[in-house]
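Undergrad: One structure follows; several queries about it will come next.
Since every read-out is calculated from the coordinates, none of them should be taken as a lab result. In this text, all values refer to a predicted model and were calculated from it rather than measured experimentally. Cβ placement follows ideal geometry from the backbone for every residue including glycine, while neighbour counts extend to all protein chains displayed.
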Protein chains: 2
Amino acid sequence: MKTEKISEAVVRRLPVYLRFLNELNMKNVQTVSSQDLGNKLDLNPAQIRKDLAYFGEFGKKGIGYDVNYLIEKIRQILKLNQDIAVALVGAGNLGRALCNYNVYLKDNMKITAIFDDSPDKVGTSINNLQVHPMKELVGTIREEAIRIGIITVPASEAQSVADEFVRGGVEAILNFAPVIIKVPMHIRVHNADFTTDLQSLAYYLDE
Amino acid sequence: MKTEKISEAVVRRLPVYLRFLNELNMKNVQTVSSQDLGNKLDLNPAQIRKDLAYFGEFGKKGIGYDVNYLIEKIRQILKLNQDIAVALVGAGNLGRALCNYNVYLKDNMKITAIFDDSPDKVGTSINNLQVHPMKELVGTIREEAIRIGIITVPASEAQSVADEFVRGGVEAILNFAPVIIKVPMHIRVHNADFTTDLQSLAYYLDE
């Protein structure tokens with residue numbers, strides 16, 4: 001396990017940089033300055049230079065960053081040049097919506113298995129993936145070397161799903177249920193709760 | 001508009017504190033220490049004390065925080081004691097999923113209007129809210145004093161939806177489309193893109 005000297009805030013910005021760099025690449029733009037990045041992403045250019053400097057000297061003074069090189073470096077840092085299998089539990093509206101994002105994940109990170117215990121969902125297909133019953137979760141994680149689990153079940157069921165993910169041996173969990181789940185220290189959890197996003201946004205409203 | 005001396009990271013943690021405090025309140029727990037909060041939320045207790053100290057002296061040494069008082073204070077800080085109307089554009093799986101979260105938003109912040117231009121969605125109902133055509137968006141924002149907009153349309157349509165939200169006069173946007181939207185400086189945008197959540201999580205996987 002790598003030491004965590006890089007703050008989570010920096011790690012969370014890297015995919016945002018990557019997305020914009022990929023857009024530039026598609027337009028055949030070859031170099032980009034931290035100023036351009038800052039303008040596009042509404043971030044201070046000095047902040048961007050500092051973020052990227054954590055990982056090495058990628059930019060050239062007066063020229064900027066080579067787009068292709070920086071894409072490759074960020075992909076390495078985020079481990080997107082590996083195949084990473086992801087399992088999702090909860091085939092409701094949110095689960096279905098997330099499976100639709102699979103097309104955006106060109107980076108070898110894919111939802112490869114979906115689970116749900118509802119009898120009217122087991123056996124149905126979402127984007128060519130069949131929904132399997134929960135009792136197959138642990139076995140599938142092991143057989144398919146699934147490393148990340150996504151939770152899109154109601155709050156009341158989130159902890160028991162997390163426990164199953166842990167039992168199967170995932171390394172990280174993305175939790176969309178509006179509840180705090182407890183897992184062993186070595187497993188990374190990110191919460192993607194919509195209510196907290198919305199509540200933190202309210203802070204910035206005028207009085 | 002308030003000055004932004006409090007970092008976004010702190011603001012984004014406040015709803016997480018609030019959620020746990022509400023859980024404690026439901027169990028009739030009356031005081032909580034920063035240590036307890038830290039254990040539950042996997043955060044350093046010193047970090048939590050520092051976060052809360054931005055807003056005033058809420059805790060008592062050796063006793064901790066009064067749960068009810070802290071709930072009330074955080075709700076004030078996040079402006080959750082006001083009625084805040086939210087509009088959502090994009091009645092697909094994700095839009096439907098988010099409307100289901102309405103029940104969790106006990107805090108007077110509610111999705112009150114849904115828009116979509118797809119003929120097979122206009123006129124249908126999601127959780128008792130009727131889907132309206134996009135041409136009614138600007139008028140509805142003004143009539144119903146909608147302050148926050150949520151975007152759950154495909155990436156290609158996100159900017160034009162953002163432009164309409166701006167034209168109507170929202171103050172903040174929660175964007176779920178995997179694309180960077182541009183809005184005037186005085187409008188706050190939070191991106192809730194699932195792909196960046198997942199990619200930043202991969203950073204924490206073992207080699």
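Undergrad: Mind listing the label-point distances from B:Pro45 to the same position on all other copies, shortest first, one decimal in nm, points 7 Å along Cα→Cβ?
TA: Reported distances to equivalent positions: 4.5 nm.
Undergrad: In addition: Provide a whole-number value for the mean count of partner chain Cβ atoms within 10 Å of the Cβ atoms in peptide A:77-86.
TA: For peptide A:77-86, the averaged partner shielding equals 3.
Undergrad: Where the centre of each part is set by its Cα atoms, how far does segment A:1-63 sit from segment A:183-205, in angstrom?
TA: Between the Cα centre of segment A:1-63 and that of segment A:183-205, the gap is 23 Å.
Undergrad: Over chain A, what is the relative contact order in percent, taking alpha-carbon pairs closer than 8 angstrom and at least six residues apart?
TA: For chain A, the relative contact order is 13 percent.
Undergrad: Ranked by Cβ crowding within 10 angstrom, fewest neighbours first, how are B:His186, A:His190, A:His132 ordered?
TA: In increasing order of surrounding Cβ atoms, one gets B:His186, A:His190, A:His132.
Undergrad: Normalise the Cα radius of gyration of chain A by 2.2 N^0.38 Å (N = residues in it) and let me know the number.
TA: Output field value: 1.15.
Undergrad: Which one of A:Arg188, A:Arg19, A:Arg96 has the biggest mean-square fluctuation once chain A is modelled by GNM with Cα springs under 10 Å?
TA: A:Arg19
Undergrad: Evaluate the relative contact order of segment A:26-140 (contact order divided by residue number), counting alpha-carbon pairs under 8 angstrom at least 6 apart; express in whole percent.
TA: 18
Undergrad: Report the charge-dipole magnitude of chain B in Debye, nearest 20, computed about the Cα centre from +1 at each Lys and Arg Cβ and -1 at each Asp and Glu Cβ.
TA: Dipole of chain B, to the nearest 20 debye: 780 debye.
Undergrad: Picking from B:Thr195, B:Thr112, B:Thr124, which is most flexible by a Gaussian network model of chain B using Cα springs under 10 Å?
TA: For chain B, modelled as a Gaussian network with Cα springs under 10 Å, the answer is B:Thr195.
Undergrad: Sticking with this structure for a sec: Under the convention of a label 7 Å out along Cα→Cβ, give the distances in nm from A:Gln82 to the same position in every other copy, shortest first.
TA: List, nearest first: 4.6 nm.
Undergrad: Tell me the relative contact order for segment A:3-77 as a rounded percent, counting alpha carbon contacts under 8 Å between residues six or more apart.
TA: Relative contact order, segment A:3-77: 38 percent.
Undergrad: Which distances in nm, rounded to one decimal and ordered from shortest, link the label point of A:Gln30 to the equivalent label points in the other identical copies, with labels set 7 Å from Cα toward Cβ?
TA: Label point to label point, same position, other copies: 7.2 nm.
Undergrad: Let me ask you something else. Inverting the mean 1/r over all pairs of different Cα atoms, compute the Kirkwood radius of the protein assembly as shown and quote it in Å. If you can, show how the numbers build up before the last one.
TA: On the way: mean 1/r = 0.0444 Å⁻¹.
The answer is 22.5 Å.
Undergrad: Next up: Loop only by DSSP, 14 or fewer other Cβ within 10 Å of the Cβ. Give me the GluC sites (Glu not before Pro) in segment B:57-156 that pass, ordered by residue number.
TA: B:Glu57, B:Glu144
Undergrad: Going down the table (A:Lys121/A:Lys182; B:Lys79/B:Lys110; B:Lys110/B:Lys182; A:Lys121/B:Lys121; A:Lys27/A:Lys73; B:Lys50/B:Lys73), which pairs top 21 Å between alpha carbons?
TA: A:Lys121/A:Lys182; B:Lys110/B:Lys182; A:Lys121/B:Lys121
Undergrad: Here's something else I'd like to know. Write down the percent of antiparallel bridges among all DSSP beta bridges whose residues are both part of the protein assembly as shown, to the nearest 5. The partial results should precede the final answer.
TA: Working: 12 of 54 bridges.
Here the share of antiparallel DSSP bridges comes out near 20 percent.
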